[in-house]
1. Are any of the residues in region 11-24 open to solvent by 60 Å² or more (accessible area, probe 1.4 Å), of a type outside the set (S, T, N, Q), closer than 24 Å to Leu110 by Cα and away from ligand 2 (no atom under 16 Å from the Cβ)?
2. How many residues are surrounded by 14 or more Cβ atoms within 10 Å (Cβ to Cβ) and more than 20 Å from the chain's Cα centre (by Cα) if we restrict to region 72-83?
3. Any idea which residue in region 92-107 is most open to solvent (accessible area, probe 1.4 Å), counting only those that are away from ligand 1 (no atom under 12 Å from the Cβ) and not aliphatic (A, V, I, L, M)?
4. Out of the residues in region 28-56 meeting the condition of being away from ligand 1 (no atom under 11 Å from the Cβ) and open to solvent by 60 Å² or more (accessible area, probe 1.4 Å), tell me which one is modelled with the lowest pLDDT.
5. Are any residues in region 108-129 exposed (fewer than 12 other Cβ atoms within 10 Å of the Cβ), of a type in the set (Val, Ile, Thr) and touching a Pro at 6+ places or on another chain (Cβ under 9 Å), and if so, which ones?
6. Quick check on my filter: what residues within region 146-176 are in contact (Cβ under 8 Å) with a residue 60 or more places away in the chain, under 21 Å from Ala270 (Cα atoms) and open to solvent by 40 Å² or more (accessible area, probe 1.4 Å)?
7. I'm checking my understanding of the structure. Among residues of region 177-202 that are away from ligand 1 (no atom under 13 Å from the Cβ), in a helix (DSSP H, G or I) and not charged (D, E, K, R), which one is surrounded by the fewest Cβ atoms within 10 Å (Cβ to Cβ)?
Amino acid sequence: MAVYTHVPAEEMAALLMRYGVGALRSFKGIAEGVENSNYLVEAEGGRFILTLYEKRVDAGDLPFFLALLDHLADRGLPVPRALKDGEGVQIQTVAGRPACLIEFLEGVSLSHPTPEQARATGQALGQMHGALADFTPERPNTLGLAGWHELAGRCGTAMDEIVPGFSARIAEELAFLDARWPADLPRSVIHADLFPDNVLMLGDRVTGVIDFYFACSEIRAWDVAVTHSAWGFSADGRDYDAAIGRALIEGYQAAHPLTDAERAALPILARGAALRFTLTRAWDWLNTPADALVTRKDPLAFLRRLDFYAQHPECFTA
Ligand SMILES: Nc1ncnc2c1ncn2[C@@H]1O[C@H](COP(=O)(O)OP(=O)(O)OP(=O)(O)O)[C@@H](O)[C@H]1O
Ligand SMILES: N[C@@H](CCO)C(=O)O
């Protein structure tokens with residue numbers, strides 16, 4: 001589920017009036033997603049998404065995210081803009097929370113993408129990076145190398161309750177990455193969470209890239225590594241699909257060629273990507289009650305990816 005905040009019908013109707021999109025016809029909460037409350041809203045003037053930002057999104061970051069979406073949409077990328085009301089305001093307060101009315105994009109997110117769909121996603125990521133070359137706002141990555149250390153410290157040895165040896169494996173990996181994390185690769189604003197559930201597709205066509213709420217200034221190729229780790233494996237992380245991994249990188253290269261240094265760094269960057277999701281999932285696992293309405297995501301699915309990347313750096317060249 002992802003409806004944490006209930007919006008009364010009267011408040012929804014009054015909100016739509018401010019946007020001049022006609023009267024409210026219907027609305028319902030969207031079950032997918034875990035971070036924010038999302039509603040699908042039907043008005044006389046069209047279909048929209050209303051997002052209420054919950055605890056994990058800092059309201060102070062919203063202007064950055066909305067500027068990023070406007071920048072990409074202006075350059076023809078399939079990302080949803082936040083609409084402006086009659087007074088030009090994008091960020092509202094709805095049921096006491098910061099909220100935006102967002103363009104609805106068609107398409108579905110896939111559970112079992114094909115190589116062609118991975119290629120199209122890689123290409124969309126490359127196009128996005130190309131379009132961001134002249135985007136100047138910045139947002140620090142709180143989930144970069146320093147953030148992983150901090151999160152690992154906060155999880156502590158409680159991680160060993162998930163699987164014995166977990167905390168030692170993380171400490172060993174952090175030491176490995178500290179010694180090798182690249183310092184001089186090109187940086188840019190990146191999506192940083194391009195999982196299949198954040199890409200909407202129709203057939204082999206990308207119709208929407210959503211959920212930019214981890215977007216930040218980072219090593220650009222880390223976004224490629226994050227996407228590879230999210231797309232290239234079975235959900236439990238046990239099986240690597242080389243055809244998907246290859247297609248994703250080829251698609252990216254067709255739109256935005258990697259430099260030799262970026263390509264050479266991918267095995268290390270991918271270990272960092274796998275560690276990032278292992279740690280955030282471990283934290284959530286340890287801090288979300290087992291009976292909460294939100295489904296906890298399995299940290300071991302990314303620990304397995306981490307082990308795979310450690311054992312198979314050649315997967316980026318094979
Ligand atoms: N602009 C949009 N157009 C169409 N559908 C959308 C749009 N934005 C969100 N959705 C739908 O709402 C669902 C939840 O959105 P989203 O993934 O942004 O949730 P979240 O809780 O913010 O994030 P997370 O994926 O991190 O849990 C998506 O899976 C998608 O079905
Ligand atoms: N996409 C992430 C959640 C957002 O950090 C995951 O699957 O763990």
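The values are calculated or read from the model by the stated rules, or taken from the named source; none is laboratory data. Small disclaimer: the values here were computed from a predicted structure and weren't measured. Every residue, glycine as well, gets a Cβ built from its backbone with ideal geometry; the counts of neighbours run over all protein chains shown. Note: areas computed on protein heavy atoms with side chains; ligands, DNA, RNA excluded. Shrake-Rupley method; radii C 1.70, N 1.55, O 1.52, S 1.80 Å.
1. no
2. So the answer is 2.
3. Thr93
4. Step by step, filter region 28-56, then rank; the result is Lys55.
5. Passing the criteria: none in range.
6. Arg169, Phe176, listed by residue number.
7. Per the stated criteria, the residue is Ala179.
Listed here are the residues, each with its yes/no results for (1) at pLDDT 95 or above; (2) more than 21 Å from the chain's Cα centre (by Cα).
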site: Ile268; (1), (2): yes, no
site: Ala273; (1), (2): yes, no
site: Ala282; (1), (2): yes, no
site: Ala292; (1), (2): no, yes
site: Arg296; (1), (2): no, no
site: Phe302; (1), (2): yes, no
site: Arg305; (1), (2): yes, no
site: Phe308; (1), (2): yes, yes
